[in-house]
Structure formats: C-alpha cells, structure tokens
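**Student:** If you scroll down you'll find the structure; I have some questions about it.
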Amino acid sequence: MEKDKLDTLCQKLENTCEENHLSYKLVTRDPIGIVIRPDMTMEGQITMLDNPTGYNGKDSSLTIFFADAGVEYKFTGGFSISKQLLNKLLNMAQKIHYMYLWVFFRDEMERRKQAAKPASAGEVEFPTTEDDDPFDGVDEE
C-alpha cells in the first residue's frame, strides 16, 4: 500500500516535470535526494527556448536533498525555474522522501522478521550425516 503511494507521488513528480520540460532522478543513497534536469530531448529543447525564466543548459540542474537539518537544495549550471515551480517541486520532493523512508523501513523490518524465522514452524531439524545410522549395531533376524 505504501509502495503504491510512493509510485503515485513519483508519477505526479514525473507529470509536473514533463509539463515543464524537465526530467528527474530519485537518488536513494545517503543523502537521499532528487535531481531535476532540463529535458534533453529535441522537443524539450525547442520548447525550452520559450521558457520565460530562461534557457537551461544540459549541465544545469536542481538538486534537492534531505539532510539532518531538513530539506536543502542547490542550483548548478545556471538552472532557473519560477519560484512557484520551485515550491511545488520542493513540496513534492518532501512527500516522496517521507514515503520512501516509510517504505524502506517497513521493508527492512519485514526482511529482518523473515531472517529471524525458523525454516519451518513447528518442525525441528536435526543435523545428520551419512555415517549416522540409527540402527548401527542392531542385529537383524
């Protein structure tokens, strides 16, 4: 259920990026973050020329990351977007971050539960070897 919510949030971010001729990548290593870049397809480049905030080069980006102090962001390569779009992207990124953490820790707890469970509940496995013959030394009649 939480995974579906995370997928829905990522789809909303993808739709917002497409509407604004951007692309994104979710970074799941520490620190967790989202990198937003200009859409480098031919269509994205043509429509970017009409961008009222200016042209974003291929090396420009917006990096949103989550540190101990909260949400931080950094523009590189002259990346420019409107303040309204920035606020929208920051809010979406924060929701994605919280949902990602929820899914990650839930999956981690499930993994630990599975690792702690015995192979088969109610059954006890005894180690045996080929040399262990329970009838060794018993005479057959």
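The values are calculated or read from the model by the stated rules, or taken from the named source; none is laboratory data. Predicted model only: the values in this text are computed from it and were never measured. In case anyone asks, the SASA skips ligands and DNA or RNA and just uses the protein heavy atoms, side chains included. Shrake-Rupley method; radii C 1.70, N 1.55, O 1.52, S 1.80 Å.
**Student:** Can you tell me how many residues within segment 77-95 are farther than 14 Å from THR16 by Cα, open to solvent by less than 90 Å² (accessible area, probe 1.4 Å) and under 19 Å from the mean Cα position of the chain (by Cα)?
**Tutor:** Total meeting the criteria: 1.
**Student:** Modelled with pLDDT of 90 or more and over 21 Å from PRO31 (Cα atoms): is that true of LEU90 in this structure?
**Tutor:** In short, no.
**Student:** Between LYS74, LYS25, LYS12, LYS3, which is part of a helix (DSSP H, G or I), modelled with pLDDT of 90 or more and open to solvent by 40 Å² or more (accessible area, probe 1.4 Å)?
**Tutor:** LYS12
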